[in-house]
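In what follows, a structure is listed as structure tokens, so that the remarks can point back to it.
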């Protein structure tokens, strides 16, 4: 192991050489920076859904309330208050869900009552 002509105590050790990962002992510290840009999507304001609930199915004025909250959410989003826009958008979504469920339930009940009344009163309509 010793080179020819040199005694064992004179052989230099390779102290400065380490091929390990940066930041380990014995290596030069190389700092790497990673920049992460997180683009937050603006919260939805559900304005189209609110307009449909207001125009077509407006039980208990829930469509109107949802439309008002949607407009407030859009205003907050334009102003840069994303947390306020998220809050108003969530309220508009909840009101839209309730309005849609109530309207569908009322339409379903109406269809059931209409079909039942047609069967019940059929002999009255067709007297010859």
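The values are calculated or read from the model by the stated rules, or taken from the named source; none is laboratory data. Please read all numbers here as calculations on a predicted model, not as lab measurements. Cβ: placed from backbone, ideal geometry, glycine included. Neighbour counts: every protein chain shown.
Here are some notes:
- The listed residues are 106, 124, and the only one of them that is under 14 Å from residue 58 (Cβ atoms) and either in contact with a strand residue (DSSP E or B) (Cβ under 7 Å, 6 or more places away or on another chain) or at pLDDT below 95 (or both) turns out to be 106.
- Among the conditions (1) under 30 Å from residue 109 (Cα atoms); (2) assigned to a helix (DSSP H, G or I); (3) more than 16 Å from the chain's Cα centre (by Cα), residue 93 misses just one, which is (3).
- Whenever a residue of the range 61-76 is at positive phi and buried (at least 24 other Cβ atoms within 10 Å of the Cβ), it has no partner that is at pLDDT 95 or above and assigned to a helix (DSSP H, G or I) lying with C-beta atoms less than 7 angstrom away and at least six residues away or across chains.
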